[in-house]
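A short worksheet on the structure shown next.
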Amino acid sequence: MALYDERRFKFVMLTMGLTLAGSAISAVIHGGWVSATVLNVAVDLLILGYIIRNRDGLLGRLLLMGFVGGLVELLFADPWAVRSGTLVYQAAGPFINDSPLYMPLGWAYVLMQIGYIAWWVLESRGLMPAIVAATILGGTMIPVYEALAKSANWWIYQNVPMIYGAPYYVILGEALIGMVLPFIVRPVAARGLAWSVMLGIALGCWTW
């Protein structure tokens, strides 16, 4: 497995740019659950196509880890936020438990993106730089989506201190998600799919 694959690196950066652009467009047009579903399905299919075409086991395992982590997050963290009254989803479209169907699809590629950066920094610079990079990415990139979600009519937060639509507890929590990724991505990268599933479950529990 090459430490630095330029094509892979550029592709991951491309997906990050596309998801940000898609979220911004959804915010401008107030796209609701339809735009969230279209965006998440399109990005996941793009990533799957790349993985299959290039036989990229690393991104495949990271994507599986992210999807499983997103599903587990929907079982614990999201219901807690929804039932506490701080998180409100648009009441439209298909749901899983208390959360829209598109949510685990979004977690899949977001955790893959941050996870890949964490893996790359870990392998090239070491553990502490990887922790710093992943913590900063988790604490900044994901809250940007949280802020755009309000204008996109995906979800809103209420009754909690926040900045630009993202609660302080969410920013802290998502920084902590990033913080643990360097400890997870190395075994995910080096071992089989079962490890991606098990560590995805652990990551989903940590999210809560």
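The values are calculated or read from the model by the stated rules, or taken from the named source; none is laboratory data. If you're wondering where the values come from, they're calculated on a predicted model, not measured in any experiment. Backbone-built Cβ (ideal geometry, glycine too); neighbour counts: all protein chains shown. Note: areas computed on protein heavy atoms with side chains; ligands, DNA, RNA excluded. Shrake-Rupley method; radii C 1.70, N 1.55, O 1.52, S 1.80 Å.
Worth a mention:
- Only residues that are surrounded by fewer than 24 Cβ atoms within 10 Å (Cβ to Cβ) and under 15 Å from the mean Cα position of the chain (by Cα) were counted across the range 179-195, and they come to 2.
- From F95, F76, F67, residue being in contact with a Leu (Cβ under 9 Å, 6 or more places away or on another chain) and at pLDDT below 95: F95
- Taken together, the residues in the range 127-140 that are farther than 30 Å from A92 by Cα and either open to solvent by 60 Å² or more (accessible area, probe 1.4 Å) or touching a Pro at 6+ places or on another chain (Cβ under 8 Å) (or both) amount to 7.
- Scan of the range 16-45 for residues that are among the hydrophobic types (A, V, I, L, M, F, W, C) and more than 13 Å from G106 (Cα to Cα), ordered by number: A21, A24, I25, A27, V28, I29, V34
- Residues in the range 141-178 that are open to solvent by less than 70 Å² (accessible area, probe 1.4 Å) and in a helix (DSSP H, G or I): 19 in all.
- In the range 159-175, the residues that are modelled with pLDDT under 85 and of a type in the set (F, W, Y): Y164
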